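The values are calculated or read from the model by the stated rules, or taken from the named source; none is laboratory data. The structure displayed is predicted, hence computed values, not measured ones. Reconstructed Cβ throughout: ideal geometry from the backbone, glycine too, with neighbour counts over all protein chains shown.
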Amino acid sequence: MYYLSTVNLLFNSICMKKILLTTCIIAAFACNKVEKAETYSNYPIEAVNLNHVQLSDNFWLPRIESIQNKVIRYAFDKCEAEGRLENFVIAGQVIKGGEGCARGKMPFDDTDVYKTLEGLAYSLINSPNPTLEAYADSVITIIAQGQEPDGYLTTWRTINPMKPTSDWVTPGPRWSHLDISHELYNSGHLFEAAAAYYWATGKRNMLDIALKNADLLLSVFGDNTYNAVPGHQIVETGLIKLYQITGKEEYLHLSKKFLDLRGDSSVREIWGAENIQDHLPVLEQEEAVGHAVRAVYMYAGMTDIAAIYQDAEYLAAVHKLWENMVNKKMYITGGIGSRHHLEMFGDNYELPNLTAYSETCASIGSVYWNERLFRLTGDAKYYDIIERTMYNALIAGISLEGTEFFYPNPLESDGEYAFNKGACTREAWFDCSCCPTNLIRFIPYVPNLIYATHDNDIYINLFMSNKASIPGKAVTIKQETNYPWDGKIKIHVSANERQAFALKIRIPEWVVNKPVPSSLYQYADTSDDTYKVWLDGKEIKGELTNGYFEIKQDWPENSLVELDLPMQVRHVVANEQVTDLKGLMSIEYGPLVYCAEEIDNKGHFEQIRFSTKDHFSVESAPELLGGINSIKKKEDSKEQSFIPYYTWSNRGIGKMKVWFAQE
Ligand SMILES: [Zn+2]
């Protein structure tokens, strides 16, 4: 075993700073740009990629800017301070015959660097930043140093295969303990980041590292070689992204092989087969079980396979898993994975509030999966899940300041519960920092989720102020809205020349008296208010198809579509089989789930009750919590106050609840 002295560590750290500086200069010359790549998904419906969408939104744009201007650098500084960057340098020295000892605590620490790079890449697409890009190039040069000559890239094992960074990882040769080594998880995030950076910049520096690693995987795990199952999924979707860029079918085959092999592995370490979704062949899995992040990453990979191979069996399997999750295992916030123990899905209808896990990464994975299901089917119900998750469980994971993070996202806090870190207050970083870096990679990707096209259809799935040029259509769409605080949306449609197409506008299920596309939650009150649509000032009516209001016509040069999605406070109750929510009620407004914090309800927090007879007022509070609508209720001369769930715990540790007793 090799140990570095403090002096050596400092020396390494100084070396790395020098590398960062010099590679900035080298990178400027070495990375010849090629034309920015469009990505093709092999799905029947294509997303309108974020390079065609310019946000001007009051809600999402500041969040994306905060990631680019502050959080990315913050995360790289953390990675540097905790050795995640240095590990690549140490690995490089070991490869050259030197000595070393990995820093950090997790076998997947490398991925925090990849995920931060991925978010950086997406942020560059609409907001070029040469300084940040040069910094990224220097980080990529550091990553390259840690790659072994044959393409292998997992720094802790290169540095010392007998001394894993975590004591729960079994030492041994490459690929010998895939259940827990995270070698293929590291590859998966490398591929996802490389695809993003190539797309954003046209540079091959990160992509070449990824392809070299992927080619190694082909030689080890490809056809007629070692049959093994990744212990933590994501290499499946990562390989497919490399296939989509290069057209190399072996990457696609290996992705499918990793999925097809499941249910037939006998090697088990620590977590058990069900926790890593290896208990049954994927086509026979009907219940969402095990580690929630692993699960939704795998379901996303299965959906890719269903789309690319047009495989009906794969499609049937993901539909069953989706129905199970949405009908029996999802929080009202869109969060999934209810147990702290092994970060896993609970049993059907097991949805506790105080001890909810609802990992931020699982919400992000659910969005990635649901977005694929939409592109495969054209059904708006997947976007009902995406919207609910994005505006509630997912962004609750990051503080309004942008530099504190929740790992679990409980729906109740007693101000004390700290079964696991981050259960009642956000933290600056974690030893296992998957959630912060996942937020960094996800948030700049948000503009990619707004529009999609299929033949002569243009889908509008999310509402935020932006201007988008629709590829292949010579059509520009401009949205103006104050969503999610107001349901009024102006959609300016400009066509270069008169042309026929269908504009499909998603009408959220919360507008048509259904909070979710399942039987898990329902409104306890009724409302006659419904959506309205005007075309050039004239109200138009029509039936919804798959959740979309369709305007099909010969579009003149300029048209104005106005949409009114009436927002009001609605009472929600859960399916009575959810014992933890029996007799409880929650409220929501538009796409936002609301909660009450003790800080706003001193002296009467414990007395809060809901009833369908409640009279609420909705008040714009631009100075509060980054600018929100707060909801008030007068009760016995006391004013109860409610805030959007995602804003909780931004004013210190205290009590919070989403669900209250029903009067
Ligand atoms: Zn996480």
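Points worth noting:
- Considering 248, 256, the condition of being basic (Lys, Arg) and more than 15 Å from residue 191 (Cα to Cα) is satisfied by 256 alone.
- The numbered conditions (1) surrounded by 22 or more Cβ atoms within 10 Å (Cβ to Cβ); (2) touching a helix residue (DSSP H, G or I) at 6+ places or on another chain (Cβ under 6 Å) are all true for residue 642 except (2).
- Restricting attention to region 431-457, the residues being more than 30 Å from residue 474 (Cα to Cα) and surrounded by fewer than 18 Cβ atoms within 10 Å (Cβ to Cβ) number 2.
- All of (1) polar (S, T, N, Q); (2) surrounded by fewer than 17 Cβ atoms within 10 Å (Cβ to Cβ); (3) not in a strand (DSSP E or B) hold for residue 649 with one exception: (2).
- The set of residues from region 349-369 being free of Cβ contacts under 8 Å to residues at least 60 places away in the same chain and either basic (Lys, Arg) or within 14 Å of the ligand (Cβ to nearest atom) (or both) comprises 358, 363.
- Within the set 382, 407, the sole residue that is within 13 Å of the ligand (Cβ to nearest atom) and among the hydroxyl-bearing types (Ser, Thr, Tyr) turns out to be 407.
- Helices (runs of 4 or more DSSP H) contained in region 235-348 and holding at least 1 residues among the aromatic types (Phe, Trp, Tyr), within 16 Å of the ligand (Cβ to nearest atom) and at pLDDT 95 or above: 292-308
- In region 100-141, residue modelled with the lowest pLDDT [restricted to those that are closer than 14 Å to residue 437 by Cβ and either of a type in the set (Lys, Arg) or assigned to a loop (DSSP other than H, G, I, E, B) (or both)]: 104
- Listed conditions (1) under 18 Å from residue 523 (Cα atoms); (2) surrounded by 13 or more Cβ atoms within 10 Å (Cβ to Cβ) are all met by residue 630, apart from (1).
- Taken as a whole, the condition of being within 16 Å of the ligand (Cβ to nearest atom), crowded, with 24+ Cβ neighbours inside 10 Å, touching a residue at least 24 places away in the same chain (Cβ under 8 Å) and small (Gly, Ala, Ser) does not apply to residue 399.
- Among the candidates 600, 614, 580, 529, residue that is over 30 Å from residue 473 (Cβ atoms), modelled with pLDDT under 95 and either assigned by TED's automatic domain parsing to the domain that holds residue 475 or not polar (S, T, N, Q) (or both): 529
- Qualifying residue in region 534-541 (condition: among the β-branched types (Val, Ile, Thr), in contact with a strand residue (DSSP E or B) (Cβ under 8 Å, 6 or more places away or on another chain) and crowded, with 20+ Cβ neighbours inside 10 Å): no
- Residue satisfying all of: in region 80-94; of a type outside the set (Gly, Ala, Ser) and surrounded by 24 or more Cβ atoms within 10 Å (Cβ to Cβ); farthest from residue 397 (Cα to Cα) among these: 90
- Total residues in region 362-391 satisfying the condition of being of a type outside the set (Asp, Glu) and within 15 Å of residue 446 (Cα to Cα): the figure is 16.
- Against the list (1) in contact (Cβ under 8 Å) with a residue 60 or more places away in the chain; (2) in contact with a strand residue (DSSP E or B) (Cβ under 9 Å, 6 or more places away or on another chain); (3) more than 13 Å from the ligand (Cβ to nearest atom), the condition residue 372 fails is (2).
- Pairs where the first residue, in region 208-229, is in contact (Cβ under 8 Å) with a residue 12 or more places away in the chain and the second is of a type in the set (Asp, Glu), C-beta under 7 Å, 6+ apart: 216/150; 218/250; 222/250; 229/278
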